[in-house]
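*Asks:* Submitted below is the structure of interest, expressed as structure tokens.
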Amino acid sequence: MSDVVIRAQRLGKLYRIGLRERQAHQTLRTVLSDLPRTAWRWMRRWSGQPAGTRKRPDNLLWALSDVSFEVERGQILGVVGPNGSGKSTLLKLIAGITAPTEGWIATRGRIGSLLEVGTGFHTELTGRENVFLNGAILGMKASEIRQRFDEIVEFSGIERFIDTPVKRYSSGMYTRLAFAVAAHLDPDILLVDEVLAVGDRAFQRKCLSRIENLRETGQTIFLVTHATATIQRYCTRAIRLENGRVIAIGAPHEIVEHYIQDVDGVSGRHPTPFIEVPPPDTKTLGQVVGILVMDDEDRERAVFRLGEPIRVRLTFELDEPCRQTVVALGLVTFDGVWLTTQWSESCDLGRGRYQVTFEFDAQFNSLSLQIGFGLSSQDVPVHSQHDLGKVVIQNVFTDGSRPRGDASNGVVVSRSRPGISPA
Amino acid sequence: MKLETPLDARVEQTTFQVGDARASEADRDALRSMPGASINRPPKGWPELQLRQIWAHRELIWFLGMRDVLVRYKQMFLGGLWAVMQPLAQMALYALVFGYIAKLKAENDLPYGVFIFAALVPWQYFANSMTGVSMSLVGNPGLLQKIAFPRLVLPFSSLISPIVDLTLATAIVVVMVLFYGPTPSWRILLIPAFYPLATLTAFAIGLWLAAINVRYRDVQHLIPFAMLFWFFMTPVVYSKQLVPHGVLSILLELNPMQLVTTGVRWAALGTDPPRLMSFLSIPGVLLILVSGLYFFRRSESSFADVV
Ligand SMILES: Nc1ncnc2c1ncn2[C@@H]1O[C@H](COP(=O)(O)OP(=O)(O)O)[C@@H](O)[C@H]1O
Ligand SMILES: [Mg+2]
């Protein structure tokens with residue numbers, strides 16, 4: 001008997017989009033004025049006729065379609081794909097949080113889902129109370145929680161604050177405690193959705209080593225993360241999703257490398273407005289209208305090898321004159337850490353369109369970086385944003401050799417290999 | 001430690017039987033290698049109630065209920081006192097308006113405040129419970145979107161915290177009876193006997209509203225109006241004897257909350273006992289309860305998507 005623990009067949013999930021927005025703005029006034037329309041909608045719904053929204057196909061979105069796969073016990077599966085590709089939806093279907101529209105998914109064993117850190121935490125309650133509450137929410141029995149309570153608190157490293165209301169915690173402490181509870185869940189199948197990105201590095205490492213331990217006990221793990229290095233290092237298999245479809249399943253390093261190469265790092269969504277002057281006289285001061293990532297011969301490119309120069313040309317428009325303006329551009333990790341920043345010279349700018357070209361060296365171990373942008377002038381406060389575009393740095397030098405280590409050994413890559421000599 | 005039935009929390013948990021008409025030949029082959037698996041698939045037809053699942057999750061219900069209790073009593077400066085102050089203040093106001101100004105008569109010439117308070121306590125409990133149940137889903141979007149558990153856990157857990165207020169308020173009723181009421185008799189022990197009907201009514205109607213609320217947020221704005229209406233259609237601030245005989249008095253008898261308030265007054269103050277006819281409301285409540293459970297189970301597969 002094969003040891004399949006998850007099997008999905010032609011799994012599909014259809015979402016009705018736009019529905020939420022309409023409801024979010026309901027107020028008493030709109031309710032009353034909409035009453036005839038609402039009543040009509042209900043009547044149609046209950047008489048079996050599809051409501052108006054169902055007819056318009058542009059309101060429908062297949063978040064997943066025709067997904068089939070199987071997973072054997074003990075595998076650690078990495079899931080990669082751009083935002084909106086259906087990764088979270090897949091985890092929700094595995095967990096049974098929502099039902100599929102088509103197909104089915106069968107699972108064997110107890111499932112622990114960690115789709116969010118600290119679901120159900122209440123800020124008024126103390127750390128201790130939250131551990132019990134969150135544990136119960138994640139599916140632990142009270143006796144289990146009691147038995148592991150000391151372990152949990154030790155793992156979190158916040159013994160001193162365990163009887164303090166969580167609202168007095170720093171966000172780091174909050175995350176640690178929430179994570180500690182989740183880490184002591186003992187499921188057969190563990191689903192983790194992009195939550196490793198929060199928390200500091202030391203704590204992340206602690207969690208990953210915990211995941212490694214889990215593998216030894218034969219647990220099956222689904223890991224959704226943007227940290228492709230993590231997938232390469234910890235997973236035994238990887239799945240790549242694109243627009244709700246599985247486009248590749250296989251060895252983690254192959255999947256990740258193809259994924260990185262295909263990512264269009266260059267063009268973001270433009271124009272991107274910047275600097276909103278706060279109300280009452282709200283206006284945008286200008287917008288970024290183009291960002292071009294190139295190599296040193298001005299050819300557009302998104303993927304670089306270690307050591308190659310990266311040129312980023314930023315084009316922006318100013319709707320208002322700005323005195324002593326400085327533009328900054330930087331490379332930012334997905335957790336929002338600015339790895340390096342360059343500043344333009346400072347000058348007075350009138351209305352109009354400008355461009356500035358920055359040059360960096362691809363010497364960072366973080367596989368995929370965002371381009372961050374900042375602007376400040378004498379007249380307005382500093383404005384910065386992280387997600388203007390993307391650059392992918394491959395984990396390989398220009399000559400094809402590979403560096404030692406990964407992001408956990410430091411972000412800046414060094415080529416030097418000093419020799420060892422008798423002293 | 002493992003749960004006895006794996007994944008008993010799942011939205012749709014059924015096992016394909018070999019020979020199940022809904023499973024294709026290929027599906028059946030695929031599943032044969034996974035004995036005991038839980039299956040998540042599109043919901044079809046009428047769901048099973050699976051109340052045993054709820055029992056299996058009693059600890060979660062308890063913890064969520066205690067969360068509400070703790071939060072409520074921590075946030076409030078006066079803590080438990082508030083649970084008592086609120087109905088007392090209302091009693092004072094109603095006694096002023098209906099007893100002193102409108103000069104309504106209480107049964108057996110009881111002090112009007114005491115007469116109101118005995119009925120106000122179960123009414124408040126009912127109103128709190130029903131509002132709690134009907135908001136239990138929309139008030140916990142995080143849980144619905146990120147965690148798999150039987151959705152009925154939420155309405156059940158929201159029944160817990162109103163009980164704390166009820167207990168405190170009932171103690172005040174007893175104290176009042178001892179001071180101002182007639183000589184207490186053994187009947188005072190029967191006060192709590194009427195509470196379960198209030199719980200049941202609140203739960204039955206709350207279930208419907210909770211499920212509808214997820215999809216149509218507008219409903220929650222109608223609840224306060226409906227409650228106000230119901231409040232005055234229940235003998236709380238007036239005596240049932242004042243209602244002229246006719247259609248209205250018959251409707252009143254069929255209101256389950258009338259049975260509760262009249263019953264509690266009878267037990268606490270020795271007024272007229274509820275009429276036999278008013279017990280007819282109980283099957284009505286049960287009908288709403290069972291249909292509400294089915295309606296809830298039927299709509300629950302989309303809660304995570306639309307909440
Ligand atoms: N509850 C929902 N209602 C409507 N659309 C949704 C809902 N949840 C997800 N979607 C849509 O489904 C698509 C896939 O979402 P998701 O699985 O969260 O992607 P990912 O996790 O890969 O970023 C997105 O386009 C998203 O907008
Ligand atoms: Mg996601």
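The values are calculated or read from the model by the stated rules, or taken from the named source; none is laboratory data. These numbers come from a predicted model, not from an experiment. All Cβ positions, even for glycine, are placed from backbone atoms using ideal geometry, and neighbour counts span all protein chains on display. With ligands, DNA and RNA removed, areas are computed over all heavy atoms of the protein, side chains included. Shrake-Rupley method; radii C 1.70, N 1.55, O 1.52, S 1.80 Å.
*Asks:* Go over the candidates B:Pro256, B:Pro273, B:Pro283 one by one and state the one that is open to solvent by less than 80 Å² (accessible area, probe 1.4 Å), touching a residue at least 12 places away in the same chain (Cβ under 8 Å) and of a type outside the set (Asp, Glu). Step through it out loud before you land on a result.
*Replies:* Values: B:Pro273 fails: touching a residue at least 12 places away in the same chain (Cβ under 8 Å); B:Pro283 fails: touching a residue at least 12 places away in the same chain (Cβ under 8 Å).
Sole residue among the options that is open to solvent by less than 80 Å² (accessible area, probe 1.4 Å), touching a residue at least 12 places away in the same chain (Cβ under 8 Å) and of a type outside the set (Asp, Glu): B:Pro256.
*Asks:* Residues being hydrophobic (A, V, I, L, M, F, W, C) and within 12 Å of ligand 1 (Cβ to nearest atom): count how many of those fall in region A:72-87.
*Replies:* Taking region A:72-87 as the starting set, the residues that turn out to be hydrophobic (A, V, I, L, M, F, W, C) are A:76-77, A:79-80.
From what is left, the residues that are within 12 Å of ligand 1 (Cβ to nearest atom) are A:79-80.
Looking only at that region, the number is 2.
*Asks:* Answer with yes or no whether A:Leu90 is closer than 20 Å to A:Thr225 by Cα and more than 14 Å from ligand 1 (Cβ to nearest atom). Talk me through it step by step, then tell me what you get.
*Replies:* Details: closer than 20 Å to A:Thr225 by Cα: yes; more than 14 Å from ligand 1 (Cβ to nearest atom): no.
Answer is no for this residue.
*Asks:* Which of the residues spanning region B:121-138 are open to solvent by less than 20 Å² (accessible area, probe 1.4 Å), outside any helix (DSSP H, G or I) and of a type in the set (A, V, I, L, M)?
*Replies:* Within region B:121-138, B:Leu137 is the sole residue that qualifies.
*Asks:* So which residues in region B:163-183 are without any contact (Cβ under 8 Å) to a residue 40 or more places away in the chain and not β-branched (Val, Ile, Thr)? Even if it seems obvious, please write down each step before you answer.
*Replies:* Step one: list which residues in region B:163-183 are without any contact (Cβ under 8 Å) to a residue 40 or more places away in the chain, which gives B:163, B:167, B:171, B:175, B:178-179, B:183.
Those that are without any contact (Cβ under 8 Å) to a residue 40 or more places away in the chain and not β-branched (Val, Ile, Thr): B:Ala171, B:Leu178, B:Phe179.
*Asks:* Here is a further query. What number goes with the only condition from (1) open to solvent by 10 Å² or more (accessible area, probe 1.4 Å); (2) within 16 Å of ligand 2 (Cβ to nearest atom) that A:Leu223 does not pass?
*Replies:* (1)
*Asks:* How many residues are surrounded by fewer than 20 Cβ atoms within 10 Å (Cβ to Cβ) and at pLDDT 90 or above if we restrict to region B:212-222?
*Replies:* Of the residues in that region, 1 qualify.
*Asks:* Given B:Arg217, B:Arg298, which one is assigned to a helix (DSSP H, G or I) and either of a type in the set (D, E, K, R) or touching a Lys or Arg at 6+ places or on another chain (Cβ under 7 Å) (or both)? Give the steps one after another, and end with the answer.
*Replies:* Working: B:Arg217 fails: assigned to a helix (DSSP H, G or I).
Checking each option against the conditions leaves just B:Arg298.
*Asks:* Looking only at region A:395-410, which residues are modelled with pLDDT of 80 or more and in contact with a strand residue (DSSP E or B) (Cβ under 7 Å, 6 or more places away or on another chain)?
*Replies:* Residues satisfying the conditions are A:Phe397, A:Thr398.
*Asks:* Now for a separate question. If you take the residues in region A:221-248 that are away from ligand 1 (no atom under 16 Å from the Cβ) and among the hydrophobic types (A, V, I, L, M, F, W, C), which one is farthest from A:Pro187 (Cα to Cα)? Show your work before the answer.
*Replies:* Of region A:221-248, the ones away from ligand 1 (no atom under 16 Å from the Cβ) are A:221, A:229-230, A:232-237.
Still in the list and also among the hydrophobic types (A, V, I, L, M, F, W, C): A:221, A:229, A:235.
Details: A:Ile221: 10, A:Ala229: 25, A:Cys235: 18 Å.
Restricting to residues being away from ligand 1 (no atom under 16 Å from the Cβ) and among the hydrophobic types (A, V, I, L, M, F, W, C), the top hit is A:Ala229.
*Asks:* May I pose another question? Considering only region B:140-188, state which residues are crowded, with 17+ Cβ neighbours inside 10 Å and in a loop (DSSP other than H, G, I, E, B).
*Replies:* B:Asn140, B:Ile147, B:Ala148, B:Phe149, B:Pro150, B:Arg151, B:Leu152, B:Ser158, B:Leu159, B:Gly181
*Asks:* With respect to the numbered conditions (1) surrounded by fewer than 23 Cβ atoms within 10 Å (Cβ to Cβ); (2) modelled with pLDDT under 90; (3) closer than 24 Å to A:Arg16 by Cβ, which one is the sole condition not fulfilled by A:Thr123?
*Replies:* Condition (3) is where A:Thr123 drops out.
*Asks:* Moving on. Specify which of the listed residues (A:Arg313, A:Arg305) is more than 24 Å from the chain's Cα centre (by Cα) and of a type in the set (Lys, Arg).
*Replies:* Selected residue: A:Arg313, the only one of A:Arg313, A:Arg305 that is more than 24 Å from the chain's Cα centre (by Cα) and of a type in the set (Lys, Arg).
*Asks:* When the residues of region B:37-52 are filtered to those that are part of a loop (DSSP other than H, G, I, E, B) and of a type in the set (A, V, I, L, M, F, W, C), which remaining residue is surrounded by the most Cβ atoms within 10 Å (Cβ to Cβ)?
*Replies:* Our first condition is that a residue be part of a loop (DSSP other than H, G, I, E, B); within region B:37-52, this holds for B:37, B:41-50.
With of a type in the set (A, V, I, L, M, F, W, C) added as a condition, the list becomes B:37, B:46, B:49.
Numbers: B:Ala37: 21, B:Trp46: 9, B:Leu49: 14.
Ranking the candidates gives B:Ala37 first.
*Asks:* Quick check on A:Leu64: is it under 21 Å from A:Tyr234 (Cα atoms), near ligand 1 (Cβ under 8 Å from one of its atoms) and crowded, with 24+ Cβ neighbours inside 10 Å?
*Replies:* no
*Asks:* Give me the residue from region B:22-38 that is at pLDDT 70 or above and in contact with a Leu (Cβ under 8 Å, 6 or more places away or on another chain) and, out of that set, nearest to the other protein chains (Cβ to nearest Cβ).
*Replies:* Per the stated criteria, the residue is B:Ala37.
*Asks:* Only one of (1) open to solvent by 20 Å² or more (accessible area, probe 1.4 Å); (2) closer than 17 Å to B:Phe126 by Cβ fails for B:Val236. Which number is that?
*Replies:* Status for B:Val236: all satisfied but (1).
*Asks:* Out of A:Tyr259, A:Tyr234, I need the residue that is farther than 23 Å from A:Gly12 by Cα and crowded, with 17+ Cβ neighbours inside 10 Å. Which one? Give the steps one after another, and end with the answer.
*Replies:* Details: A:Tyr259 fails: farther than 23 Å from A:Gly12 by Cα.
One residue alone meets the criteria, A:Tyr234.
*Asks:* Another one. Take residues that are within 16 Å of ligand 2 (Cβ to nearest atom) and tell me which of the helices (runs of 4 or more DSSP H) falling wholly in region A:74-171 contain 3 or more. I'd like the intermediate steps shown before the answer.
*Replies:* On the way: elements: A:87-95, A:127-137, A:142-156.
Filter on region A:74-171 gives A:87-95.
*Asks:* If B:Gly246 satisfies all but one of (1) free of Cβ contacts under 8 Å to residues at least 60 places away in the same chain; (2) touching a Pro at 6+ places or on another chain (Cβ under 7 Å); (3) at positive phi, what's the number of the condition it fails?
*Replies:* Against the list (1) free of Cβ contacts under 8 Å to residues at least 60 places away in the same chain; (2) touching a Pro at 6+ places or on another chain (Cβ under 7 Å); (3) at positive phi, B:Gly246 comes up short only on (2).
*Asks:* Take A:Thr98 and tell me if it is farther than 17 Å from A:Asn243 by Cβ, open to solvent by less than 20 Å² (accessible area, probe 1.4 Å) and within 9 Å of ligand 1 (Cβ to nearest atom). Quick ask: steps written out before the conclusion?
*Replies:* Numbers: farther than 17 Å from A:Asn243 by Cβ: yes; open to solvent by less than 20 Å² (accessible area, probe 1.4 Å): yes; within 9 Å of ligand 1 (Cβ to nearest atom): yes.
So A:Thr98 passes the test.
*Asks:* Considering each of B:Leu64, B:Leu88, B:Leu70, B:Leu81 in turn, give the residue that is hydrophobic (A, V, I, L, M, F, W, C), in the same structural domain as B:Arg151 (by TED's automatic domain parsing), open to solvent by 90 Å² or more (accessible area, probe 1.4 Å) and part of a helix (DSSP H, G or I). Reasoning before the result, please.
*Replies:* On the way: B:Leu64 fails: open to solvent by 90 Å² or more (accessible area, probe 1.4 Å); B:Leu88 fails: open to solvent by 90 Å² or more (accessible area, probe 1.4 Å); B:Leu70 fails: open to solvent by 90 Å² or more (accessible area, probe 1.4 Å).
The unique qualifying residue is B:Leu81.
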